[in-house]
Amino acid sequence: MNSLKKKAFLTPVLLIVSLTIYGQQTVKPVQKDRWAIQPNGSITWQTNENLPHSDHIEMSGEKVSLWLDYRVDTTGITRIIRKVVFPTFRMLPDETRSHITYTFQDNELPQIYINNSLLKTDISKREQKGSYAFVSKSINHNGIMRIMATAGKSDEVKIERSFFPSVDRPLAIEKFVFTNTGTKPVTVLMEKLNRSVTTDTSRSKSSPHTVVMKTINEGSRTLESGQSTVYAICYFATDYPEMSFPIDPVIEEQKRAKRIGEILSPLQLETPDTILNTAFAFAKIRATESIFKTKRGYLHGPGGLEYYAAIWANDQAEYINPYFAFSGDSIGILSAMNSYRLFGTYMTPQYTPLPSSIVAEGDAVWNGAGDRGDQAMIAYGASRFALTYGKADSAKVLWPLISWCLEYSRKHINDQGVVESQSDELEGRFPSGKANLSTNCLYYDALVSAALLAKQLHLPQHQIDEYTSQANRLKLNIEKYFGANVAGFDTYKYYETNNTLRAWISMPLAMGIYNRSKGTIDALFSPQLWTADGLATEAGKETFWDRSTLYGLRGVLQAGATDKAMEFLHYYSRRRLLGEHVPYPVEAYPEGSQRHLSAESGLYCRVFIEGLFGMRPTGFNTFNCTPRLPKKWEQMKLRNIKAFDTVFDLQVGRLKNGSIRITVLEARGSHTYTIKNGETIPIKLGRKEGNQRK
């Protein structure tokens, strides 16, 4: 993806501590938390502290994405910039960014009066003379952004200001609830506003698009003590402006809250670490909400003001879709299947490369970086998704795409036995040589999964054996071609002539290759690579991409360096959830102002599912489990897992003798396994009721 370089959110270092890591000093800034976790799982910032401050957040529905830039200056004045994206309202020509986006500033809002005095958002309480200041008290996030404020001479009016997208309409809402907390009646008035703009006919796809900003429930009301009233400002798009567009902001908010509840219900993480539990829940929201209902069906999109109604081989096929198979979210599953089907339409008998991205609701493609190893990405994600989803019919639909991508990759193996590609997922931002480590590791894992999947589909044994043989050869060739001592660490070079440490050296660990695990872990957590925001893309450079950090943390957990990984996972999670830029994992720096691209949140959840709990799908109702219970924890649980065509809980606890107890709870009964720490146990779901101990 191409991104604009913008100012990133840099946390001021309050205190520096040094941690000894394998004989080297890695310096991590210790940050004072700006936000606090609330009993209901939300996070709140008291806006009278640590000023000035600015941040941004994105929230999405099926037909809209709402991006908010919010800031509070040293005098307490709160300013909001609203950018509303309508992913399925397209302009010409068909391009990645041909959706329409409109920006709305505070000075465009209708005027509001309290007791005939103008409510102003651009003055502080000390400056109010004849007008009332909007005095922000706190900001809260939990899938809906809420600003709590007061107004009036004695703060006799409480204001709750909520921002959220509609679940299923091209509509974003800014809702105000005014409550009289004083003893005398208060009059509140919102002026009527109805403003629209229509796109140029010659550039509009299908028909001109009209974007409307209008008030709901405007007018004057008198509130007795304790009474409340609701006003709203709505931002929506329509191709039929002459038709009625009824809006009930209360119902829309209820629908949004219900959808957030649906997202949070599966995959409930329970550990002794509240920060990890909460960050995991927030990541589920961002990972799942960014799915848009297009003319090709549901399509997950990264977001970030630029990437909508489009799919990528990495973001969707590789990162997020395997997560959806574990969450079981029905819309997420549909979006995953749709993305793979769309990629499948570009298969050819000549094995020309699939597009890196299919954009504009499926009407155009982007392939500007050439073959990025996209076929390995797709085969990896699709085979893992098919196994985890656990439905043979869906797997049969995906198999032609998986086998085609594997054959494409095989055809691009060079004389040294590794796969060549023109670039990698960073699309030339950093050198990747003729053959890179990431593509080859993805291809390796795809071969392993394909062999497992072929067995489930009852394909010929010689085909299964061939995939297994190819995987074994590739594993050896990865070691021969990429294995190296780089900067004093026995790890991997990213490409043949690479001589600097790269973040993606974690890929072998994440794919189950542990030949050089110690040296690689040493390198990942060394001062050369680890920064205040996770892994640097390349040693000595300021650039970071959260995706590589998340793969790294997952890989280190899978390799068994549990407590070291958890130390850095807790640090990273705290920074992303409670620091200066919250509440989700981000895309990158310096690109894109650390946008909250959605698929990175899916990768965050997979750190726990595949890393901490060590779940590796092996069949439609089987998985290997290698739990990594931290030394300071006695137990951890992952509840309501909707995978392998069933629903179950996975509980991991420590026995007095140091052994690990794994309990699988299904509706039909429970099964208990006892293993030594670090061991792997195969688990089969769907057994008859009863306990079983191994």
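The values are calculated or read from the model by the stated rules, or taken from the named source; none is laboratory data. The structure displayed is predicted, hence computed values, not measured ones. No Cβ is skipped: glycine too gets one built from the backbone with ideal geometry, and neighbour counts run over all protein chains shown.
Hey, could you check region 438-480 for residues that are among the aliphatic types (A, V, I, L, M) and assigned to a loop (DSSP other than H, G, I, E, B) and say which is surrounded by the fewest Cβ atoms within 10 Å (Cβ to Cβ)?
Step one: list which residues in region 438-480 are among the aliphatic types (A, V, I, L, M), which gives 442, 446-448, 450-454, 457, 459, 464, 471, 474, 476, 478.
Adding the requirement that they be assigned to a loop (DSSP other than H, G, I, E, B) leaves 457, 459.
Numbers: Leu457: 14, Leu459: 16.
Checked region 438-480; the qualifying residue surrounded by the fewest Cβ atoms within 10 Å (Cβ to Cβ) is Leu457.
Cβ-Cβ contacts under 8 Å between residues 6 or more apart (or on different chains), taken from a first residue in region 279-300 that is within 18 Å of Ser98 (Cα to Cα) to a second residue that is among the acidic types (Asp, Glu) and assigned to a helix (DSSP H, G or I), are listed as Thr294/Glu361; Lys295/Glu361; Arg296/Glu361; Leu299/Glu361; His300/Asp315.
Can you work out which of the residues in region 271-293 that are β-branched (Val, Ile, Thr) and surrounded by fewer than 24 Cβ atoms within 10 Å (Cβ to Cβ) is nearest to Phe343 (Cα to Cα)?
First pass over region 271-293, keeping only residues β-branched (Val, Ile, Thr): 271, 274-275, 278, 285, 288, 291.
From the residues that got through so far, the ones that are surrounded by fewer than 24 Cβ atoms within 10 Å (Cβ to Cβ) too are 271, 274-275, 278, 285.
On the way: Thr271: 38, Thr274: 39, Ile275: 37, Thr278: 34, Ile285: 26 Å.
So, considering only residues that are β-branched (Val, Ile, Thr) and surrounded by fewer than 24 Cβ atoms within 10 Å (Cβ to Cβ), the one nearest to Phe343 (Cα to Cα) is Ile285.
Exactly one residue among Arg90, Arg34, Arg82 is at pLDDT 95 or above, in a loop (DSSP other than H, G, I, E, B) and under 27 Å from Gly304 (Cα atoms), and that residue is Arg34. Of the residues making up region 58-70, those that are hydrophobic (A, V, I, L, M, F, W, C), in a strand (DSSP E or B) and out of contact with any helix residue (DSSP H, G or I) (no Cβ under 9 Å at 6 or more places or on another chain) are Leu66, Trp67, Leu68. Taking every residue in region 609-632 that is closer than 13 Å to Ala386 by Cβ and touching a residue at least 40 places away in the same chain (Cβ under 8 Å) and pairing it with any residue that is of a type in the set (S, T, N, Q) and assigned to a helix (DSSP H, G or I), at least 6 positions away or on another chain, the pairs with Cβ-Cβ distances below 7 Å are Pro617/Thr388; Gly619/Gln456; Phe620/Gln456. Checking region 634-656 against the condition returns no match, with no residue being part of a loop (DSSP other than H, G, I, E, B), more than 27 Å from Tyr584 (Cα to Cα) and of a type in the set (S, T, N, Q). The test for being in a loop (DSSP other than H, G, I, E, B), in the same structural domain as Glu62 (by TED's automatic domain parsing) and more than 30 Å from Pro627 (Cβ to Cβ) does not hold for Glu252.
Ile233 falls short of the stated requirement of being over 27 Å from Arg90 (Cβ atoms) and either within 33 Å of the chain's Cα centre (by Cα) or modelled with pLDDT of 95 or more (or both). If you go through region 295-310 one residue at a time, do you hit one that is among the small types (Gly, Ala, Ser), surrounded by fewer than 19 Cβ atoms within 10 Å (Cβ to Cβ), touching a helix residue (DSSP H, G or I) at 6+ places or on another chain (Cβ under 8 Å) and modelled with pLDDT of 95 or more? The answer is yes, given that some residue of region 295-310 is among the small types (Gly, Ala, Ser), surrounded by fewer than 19 Cβ atoms within 10 Å (Cβ to Cβ), touching a helix residue (DSSP H, G or I) at 6+ places or on another chain (Cβ under 8 Å) and modelled with pLDDT of 95 or more. Checked against the criterion of being crowded, with 23+ Cβ neighbours inside 10 Å, more than 27 Å from the chain's Cα centre (by Cα), assigned by TED's automatic domain parsing to the domain that holds Thr352 and not hydrophobic (A, V, I, L, M, F, W, C), the candidates Ser421, Ser409 yield just one match: Ser409.
State the number of residues belonging to region 160-192 that are more than 27 Å from Tyr298 (Cβ to Cβ) and either crowded, with 16+ Cβ neighbours inside 10 Å or in contact with a Cys (Cβ under 6 Å, 6 or more places away or on another chain) (or both). Walk me through it before giving the result.
Start the filter on region 160-192 by keeping residues that are more than 27 Å from Tyr298 (Cβ to Cβ), which leaves 160-161, 176-192.
Checking which are either crowded, with 16+ Cβ neighbours inside 10 Å or in contact with a Cys (Cβ under 6 Å, 6 or more places away or on another chain) (or both) leaves us with 160-161, 176-182, 186, 188-190.
Total satisfying the criteria: 13.
The requirement of being more than 27 Å from Phe176 (Cβ to Cβ), at pLDDT 95 or above, assigned to a loop (DSSP other than H, G, I, E, B) and of a type outside the set (A, V, I, L, M) is not satisfied by Thr278. Consider region 422-481 and keep the residues that are without any contact (Cβ under 8 Å) to a residue 40 or more places away in the chain and charged (D, E, K, R). The one that is farthest from Arg372 (Cα to Cα) is Asp465.
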